[in-house]
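A short reminder: the numbers here are calculations on the coordinates, not readings from a lab. Only a predicted model underlies this, so the values are computations on that prediction, with no experimental measurement involved. Positions of Cβ are backbone-derived with ideal geometry, glycine not excepted, and every protein chain shown enters the neighbour counts.
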Amino acid sequence: MSTLYDIPLKRIDGAAASLADYRGKVLLVVNVASKCGLTPQYEGLEKLYEDKRAQGLEVLGFPANSFKGQEPGTEAEIAEFCSLTYDVQFPLFSKISVVGADRHPLYAALTGAQPASIGEGPMRERLAGKGLATGGPTDVLWNFEKFLVNRQGEVVARFSPDVTADDPRLLQALDSELAKA
């Protein structure tokens, strides 16, 4: 039986990788974008990473151009933007699709394991109000959706894009997983 750890990935510099590189860590997997209204979430994600990395947290950013072309850049441009604008130190991966027919196998596995998100609030309605399609109820809604993966590589929670890195619901779930050996 294959696991999240078996899915081949690429780092933003093109190097081969997989989530197995982070075996034994608690992972927060986030689809990110540089030109989104939610892009300032990079700041909170980086602070979360700095605050909890020593406890075993890895924040993993997956740039995706899946929503309104909000991640149009090359890997090099994305890496430079993240470094210069938000001093992002957490690992970034090569650009992928998180919805649709070309959805990356990682995101197929994540959404399959955790079909509903916590904190699904007014965001879907706001997007619909702007005439933006939001896909099905199990699809990733928008940029900055977050998946929490425990130390055993199991998806244990999923958070809506408008749940920020300092949201008590996310922090409680994260701290609970970090406390487990």
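Things to note:
- Close pairs (7 angstrom Cβ cut-off, 6 or more residues apart or separate chains): among the aromatic types (Phe, Trp, Tyr) in the range 122-143, outside any loop (DSSP other than H, G, I, E, B) and surrounded by 11 or more Cβ atoms within 10 Å (Cβ to Cβ) anywhere: Trp142/Met123; Trp142/Leu127
- Val163 being surrounded by 20 or more Cβ atoms within 10 Å (Cβ to Cβ), in contact with an Asp or Glu (Cβ under 7 Å, 6 or more places away or on another chain) and without any contact (Cβ under 8 Å) to a residue 60 or more places away in the chain: no
- Pick from the range 89-108, criterion hydrophobic (A, V, I, L, M, F, W, C) and touching a strand residue (DSSP E or B) at 6+ places or on another chain (Cβ under 7 Å), ranking: surrounded by the most Cβ atoms within 10 Å (Cβ to Cβ): Val98
A quick yes/no check of all residues on (1) assigned to a loop (DSSP other than H, G, I, E, B); (2) under 25 Å from Asp166 (Cα atoms); (3) touching a residue at least 12 places away in the same chain (Cβ under 8 Å); (4) touching a Leu at 6+ places or on another chain (Cβ under 9 Å):
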position	(1), (2), (3), (4)
Leu27	no, yes, yes, yes
Gly44	no, yes, yes, no
Tyr49	no, yes, yes, yes
Gly61	no, yes, yes, yes
Glu71	yes, yes, yes, no
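- Residue ID - nearest to Tyr22 (Cα to Cα), chosen from residues in the range 77-96 that are outside any loop (DSSP other than H, G, I, E, B) and either free of Cβ contacts under 8 Å to residues at least 12 places away in the same chain or of a type in the set (Asp, Glu) (or both): Ser83
- Residue pairs whose Cβ atoms lie under 8 Å apart, sitting 6 or more positions apart in sequence or on different chains, and linking a residue in the range 2-20 that is assigned to a strand (DSSP E or B) to a partner that is of a type in the set (Gly, Ala, Ser) and surrounded by fewer than 14 Cβ atoms within 10 Å (Cβ to Cβ), are Leu9/Ala16; Lys10/Ala16.
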